[in-house]
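Asker: A single structure is presented below for examination.
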Amino acid sequence: MEKATQQGRELVLLEERLSSVIKGKERAIRLALATLLCRGNLLIEDVPGVGKTTLAFTLASSIDCSFQRIQFTSDLMPADILGVSIYNKSSGEFEFKKGPIFSNIVLADEINRTTPKTQSALLEAMNEKRVSVERKTYVLPSPFMVIATQNPLEYRGTFPLPESQLDRFAMHLRLGYPGHKDEREAIIRGRTFDEIAALEPVVTGEEITRLQSEVDGVFVDESILDYIMEIVIRTREHDRIRLGVSTRGAQFMVRTAKAMAYCDARGFVSPSDVKGVAPHVLGHRIMLKRQGGMDDADNLISEILDTVKVPL
């Protein structure tokens, strides 16, 4: 109970709800919650059928706020996401009808099954929490989060996300197959989407906004900032990396580390927080000189972490 008081009872309720649906994935759940708390966007990539959409849908349904699911397909257009202007005969003017992006939580399901043109419709929303349509700017609701799922690029009918969009995701997760016991229970007692949708929310959008403000107040020592910067610089200087981590990536390292510290009921960031989030924050941001998969990128990040001195 003491931990619940320190980190927020709402966060405990969220974690318990997600764990009751997603079995055996406590680490992935904690990282997903940290992404929400640091005001970031989340990319979940894995083979079909391991719970990517279930995790995203359960998180959204656990919060009493607006939610929209967009199924990305090859014929989806930017207007299907942002909205469209429709002529009103009675007023003689065009009226803007908001699209599904105007929600607190947006599930971009199988985001890499649509074209780059449509993918790019999310760029401004993910980075600036607003959208510009026909020379007008509309502010998105708060809290706001995009949770995107995608299948590995080796699968048919997929389009790779551009670097500029990958950089707007605070974290990249892969769930993997559950353990034998958890998978057996999921086969027998796994909840359907209708059952998940029927669950009562455990927190409100206003409570999430308050938790995010509390995360902002987590202390980061100068030595931790230097540690993060050294890791980022090593990605830019590595002889096997063509494109290193951006300044935005370094900012997300700080923000996600603060969120992880908060999840552990601490008011300060430790080196273990940084090392814990580094593969998920940095791996999808680097481009290798030789084509490789996410495992190659993650292994490089691990190598870099081993070479950087950990602050005392």
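The values are calculated or read from the model by the stated rules, or taken from the named source; none is laboratory data. Bear in mind the structure is a predicted one, so any value in this text is a computation, not a measurement. Heads up, the Cβs are rebuilt from the backbone with ideal geometry, glycines too, and the neighbour counts pull from every protein chain shown.
So that you can scan it fast, the table gives a plain yes or no per residue for (1) assigned to a strand (DSSP E or B); (2) touching a Leu at 6+ places or on another chain (Cβ under 8 Å); (3) over 21 Å from Asp46 (Cβ atoms):
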| site | (1), (2), (3) |
| --- | --- |
| Phe169 | no, yes, no |
| Gly176 | no, no, no |
| Lys181 | no, no, no |
| Glu195 | no, no, yes |
| Glu206 | no, no, yes |
| Ser213 | no, no, yes |
| Asp226 | no, no, yes |
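Asker: Follow-up. Need the failing condition index for Val133 against (1) closer than 27 Å to Val47 by Cβ; (2) touching a Gly at 6+ places or on another chain (Cβ under 9 Å), just the number.
Answerer: (1)
Asker: Name the single residue, out of those in the stretch 76-93 being surrounded by fewer than 14 Cβ atoms within 10 Å (Cβ to Cβ) and free of Cβ contacts under 8 Å to residues at least 24 places away in the same chain, that is nearest to the chain's Cα centre (by Cα).
Answerer: The extreme case among them is Ile86.
Residue-by-condition table, conditions (1) surrounded by 14 or more Cβ atoms within 10 Å (Cβ to Cβ); (2) of a type in the set (Phe, Trp, Tyr):
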| position | (1), (2) |
| --- | --- |
| Leu173 | yes, no |
| Leu199 | yes, no |
| Asp221 | no, no |
| Met260 | yes, no |
| Cys263 | yes, no |
| Phe268 | no, yes |
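Asker: Restricting to the stretch 79-132, name every residue that is more than 17 Å from Met145 (Cα to Cα), in a loop (DSSP other than H, G, I, E, B) and of a type outside the set (Gly, Ala, Ser).
Answerer: Within the stretch 79-132, Lys89, Thr114, Thr115 meet the criteria.
Asker: For the stretch 10-30, which residues satisfy the criterion of being part of a helix (DSSP H, G or I) and either modelled with pLDDT under 85 or among the aliphatic types (A, V, I, L, M) (or both)? Break it down into steps so the answer makes sense when it comes.
Answerer: Quick first cut of the stretch 10-30, residues part of a helix (DSSP H, G or I) only: 10-21, 26-30.
Within the stretch 10-30, Leu11, Val12, Leu13, Leu14, Leu18, Val21, Ala28, Ile29 qualify.
Asker: Restrict the check to the stretch 153-162 and report whether at least one residue is in contact with a strand residue (DSSP E or B) (Cβ under 9 Å, 6 or more places away or on another chain), touching a residue at least 24 places away in the same chain (Cβ under 8 Å) and of a type in the set (Val, Ile, Thr).
Answerer: yes
Asker: Considering only residues of the stretch 94-116 that are charged (D, E, K, R) and touching a residue at least 40 places away in the same chain (Cβ under 8 Å), which is farthest from Arg168 (Cα to Cα)? Please lay out each step first, then the result.
Answerer: Of the stretch 94-116, the ones charged (D, E, K, R) are 95, 97-98, 109-110, 113.
Subsequent filtering for residues that are touching a residue at least 40 places away in the same chain (Cβ under 8 Å) retains 98, 109-110, 113.
Values: Lys98: 22, Asp109: 17, Glu110: 17, Arg113: 18 Å.
Result: Lys98.
Asker: If you don't mind, another one. Just to be sure I understand the filter: pairs with C-beta atoms under 9 Å, separated by 6 or more residues or on different chains, first member in the stretch 288-311 and farther than 19 Å from Gly176 by Cα, second member modelled with pLDDT under 85 and among the charged types (D, E, K, R). Which pairs pass?
Answerer: Pairs that qualify, where the first residue is farther than 19 Å from Gly176 by Cα and the partner is modelled with pLDDT under 85 and among the charged types (D, E, K, R), are Leu288/Asp296; Arg290/Asp296.
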